[in-house]
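Below is one structure, written out as structure tokens, with a few remarks after it.
The values are calculated or read from the model by the stated rules, or taken from the named source; none is laboratory data. Predicted, not measured: the structure shown is a model, and the values here were computed from it. Ideal geometry is used to build each Cβ from the backbone, glycine not excepted, and the neighbour counts take in all protein chains shown. The accessibility values were calculated without ligands, DNA or RNA, using every heavy atom of the protein model including side chains. Shrake-Rupley method; radii C 1.70, N 1.55, O 1.52, S 1.80 Å.
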Amino acid sequence: VPFSLLNKKTLEALAYCGALDDLGERKALVASLEDISRYSRLVQSTSLEGQTDIFSMMEDGGASSIPPFALAKVAEASFLQKLAWEKTYLGLYVSGHPLQGLSKYLKRKVNLINTLTSKLAGKTVKLAGLLSTVKKIVTKAGATMAYLTLEDPTGRMEVTVFPNTFQQYRALFEPESVVVLTGKLENRRGELQLVCQNIQGVS
């Protein structure tokens, strides 16, 4: 697709989610979009066939009559920032997981999601991970409860938070928060879920 046919928001999304990583660092690409647009117009106006692509110019140094393009110099995005962008623009993590590399540590402190079995149904377990989704609802009685999705390096699990618990810890139920949850494991229609009884934030 010629650069000229892609608008700024589309290019920004492509850069942030990692689709253009072969062309440069994500923050540098986004910071350079205006310059890239101007350079692309220059390339096309000086091309005999009008089909020269800005991306090919960045890859091979470009035509001899046009100086090579250089991205803006900015601080490289952190691993966690890249993951946050991927989740925002793609709805999932691509490069890794925010808790990547912590499986061995977490295993000594909490239950890993992929180790839970139906034999533990009815027992109290402790989990740690990232709240990837938080859905708050109001009951017929006017109280607020929540349904969560907790992710750790090994998997994900649905979590139910009833009104009393939600009211006690409501400030901690925010998307993308890293938390430690304690509660009763239940087997509902063949799927394991956690009924949260306690939550702690991890700073």
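Listed options for P(r) over Cα pairs in 10 Å bins from 0, in percent are (1) 8, 27, 23, 15, 14, 10, 4, 0; (2) 9, 37, 38, 15, 1; (3) 8, 31, 33, 16, 8, 3, 1. The value calculated from this structure is the one marked (1).
Using R0 = 30 Å, the C-beta based FRET efficiency linking ALA171 and VAL94 works out to 0.50. Taking label positions 7 Å along the Cα-Cβ direction at both PHE162 and GLU191, the computed distance is 2.1 nm, reported to one decimal.
List residues of the stretch 174-194, by number, whose backbone nitrogen lies under 20 Å from a label position 7 Å along Cα→C-beta of SER118. Within reach of a label on SER118, which here means backbone N under 20 Å from a point 7 Å along Cα→Cβ, the stretch 174-194 contributes 184-194.
As a fraction of the 1.4 Å probe accessible area of the chain, surface on carbon and sulfur atoms comes out at 51 percent. Given R₀ = 45 Å, FRET efficiency for ARG108-LYS9 by Cβ-Cβ distance, to 0.05? Efficiency, from the Cβ-Cβ distance: 0.50. Stretching the chain fully between GLN200 and ALA143 yields a gain of 18.4 nm (0.36 nm per residue, less the alpha carbon separation). Excluding ligands, DNA and RNA, the accessible surface per residue across the chain is 59 Å² with a 1.4 Å probe. Working ranking of peptides 134-141, 119-126 by packing, defined as the average number of other Cβ atoms within 10 Å per residue, highest first, is 119-126, 134-141.
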